[in-house]
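Working notes, beginning with the structure itself.
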Amino acid sequence: MVRNPNRVRAFTLVELLVVIAIIGILIALLLPAVQAAREAARRSQCSNNMKQLGLALHNYHDTMRAFPIGSQLNNSQSRACNWRVGILPYIEQGSVYDLISFTSGNFWAHSGMVGNPVLYTARIDGFVCPSSPHGATNVGDLDLSDDSTGSLVSMVVDYVGISGATPDPIGRTNVCTGPVCNGGSSNCNNGMLVPDASKRMGDCLDGTSNTIFVAEQSGQVNGRERSANQLGAWHGWANVGWSTWNSRTPLPLASGGGWYSAGTTTVRYSPNAYWLSGAPTPAGTQYSANTVINSFHPGGLHVLLTDGSVRFVAETIPLDTLLQLCARDDGQVIGEF
């Protein structure tokens with residue numbers, strides 16, 4: 001039999017299977033590298049977001065000679081806002097800020113934010129961690145962050161101001177309310193973004209490079225987002241007015257109520273604590289003064305220090321060290337973190 005010299009030899013089934021297997025192996029090897037590169041880019045963007053917040057806070061201080069009040073109390077209760085509102089002009093959101101009514105407007109998303117409809121439509125990329133799957137809104141987990149009809153939704157912010165640490169690192173009892181806030185949580189004023197008071201750079205006695213100003217809060221607790229965005233991103237203390245509790249009220253308090261605030265947390269738990277389950281009430285509810293700092297970045301989260309620098313803090317940081325970093329004036333020597 002004479003062979004045709006022009007005949008093209010085809011691949012056998014075995015050869016095709018080998019090629020397919022090799023391609024599968026290459027994809028399996030490359031996919032983690034691609035995912036890691038994407039996370040590195042997201043992590044870099046998140047870090048940059050926090051640097052911009054640091055610049056905004058410092059520019060606010062330069063203008064006002066103090067940092068913004070962490071979270072306000074008001075006799076009308078619903079008209080108080082938090083520090084996120086105050087820095088809007090310093091993150092190129094002056095057009096939003098100029099439409100806000102501070103005298104008669106409402107900052108509570110679930111009750112209509114009467115007078116401040118712009119706060120329903122505001123979506124600010126720099127307030128959102130790109131690694132978080134929650135996005136700029138999350139009514140599913142934060143069910144009072146929209147109005148009563150569900151048609152108007154406040155954004156939620158992935159960065160939370162630090163009002164302090166509980167228990168106080170050196171055992172002071174006159175810097176915390178005690179467990180009288182909602183769910184047995186406790187608010188402290190030993191940090192930099194505290195209730196009803198503005199802090200200056202000089203109040204950071206432990207050093208601006210040793211004090212956490214703002215931390216990420218873009219992760220989850222018990223499998224759900226439990227962040228300081230209870231009634232949306234913008235409100236101050238809920239269910240308590242200035243006449244009941246203010247910066248001059250002696251602490252600890254003998255009694256309290258269902259009090260909580262957007263925008264700030266008093267750190268009580270380790271980073272990324274209770275990720276899937278097991279959270280006690282002060283950690284497991286968003287209506288708490290002790291919402292957990294967390295993120296979807298592998299291994300830890302970003303923090304903004306008072307000097308404006310951003311650090312990545314491992315979730316394995318000793319809790320005592322973290323509490324010392326969150327207090328501005330405990331006088332403790334902090335090691336590497």
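Throughout, read-outs are computed from the coordinates displayed, never taken from laboratory work. Predicted model only: the values in this text are computed from it and were never measured. Reconstructed Cβ throughout: ideal geometry from the backbone, glycine too, with neighbour counts over all protein chains shown.
Using the scaling law 2.2 N^0.38 Å as the reference, what is the normalised Cα Rg of the chain? Mind dumping the intermediate values first?
On the way: Rg = 24.1 Å, N = 337, 2.2 N^0.38 = 20.1 Å.
With N residues counted in the chain, Rg over 2.2 N^0.38 Å equals 1.20.
What fraction of the DSSP beta bridges in the stretch 33-326 is antiparallel, stated in percent and rounded to the nearest 5?
75 percent
I want the local charge near ASP307. Using Cβ-Cβ distances under 15 Å, sum +1 for each Lys or Arg and -1 for each Asp or Glu among the other residues.
+2
Could you state the orientation-averaged shadow area of the convex hull built on the Cα atoms of the stretch 186-284, in nm² to one decimal? Working shown, then result.
On the way: hull surface 29.4 nm².
Taking a quarter of the hull surface, the average projection is 7.3 nm².
Run the numbers on the chain and let me know its relative contact order in percent, using alpha-carbon pairs under 8 Å that are six or more apart.
Reported relative contact order: 21 percent.
Which residue fluctuates the most in the chain, going by a Gaussian network model with Cα springs under 10 Å, if the choices are ALA66, ALA254, ALA136?
ALA254
Taking the Cβ of THR211 as the center, what net charge do the other residues with Cβ under 15 Å away carry, scoring Lys and Arg +1 and Asp and Glu -1?
Result for the neighbourhood of THR211: -2.
Could you identify which residue out of LEU30, LEU17, LEU53 has the top mean-square fluctuation in a GNM of the chain using Cα springs shorter than 10 Å?
LEU17
Return the whole-Å distance between the Cα centroid of the stretch 12-68 and the Cα centroid of the stretch 207-238.
Measuring centre to centre over Cα atoms gives 22 Å.
Considering only GLN286, GLN93, GLN220, give the residue with the highest GNM mean-square fluctuation for the chain, with springs between Cα atoms whenever their separation is below 10 Å.
GLN93
Treating the beta-carbon of each Lys and Arg as +1 and of each Asp and Glu as -1, no other charges, what is the dipole magnitude of the stretch 33-326 about its Cα centre, to the nearest 20 debye?
Roughly 220 debye, rounded to the nearest 20.
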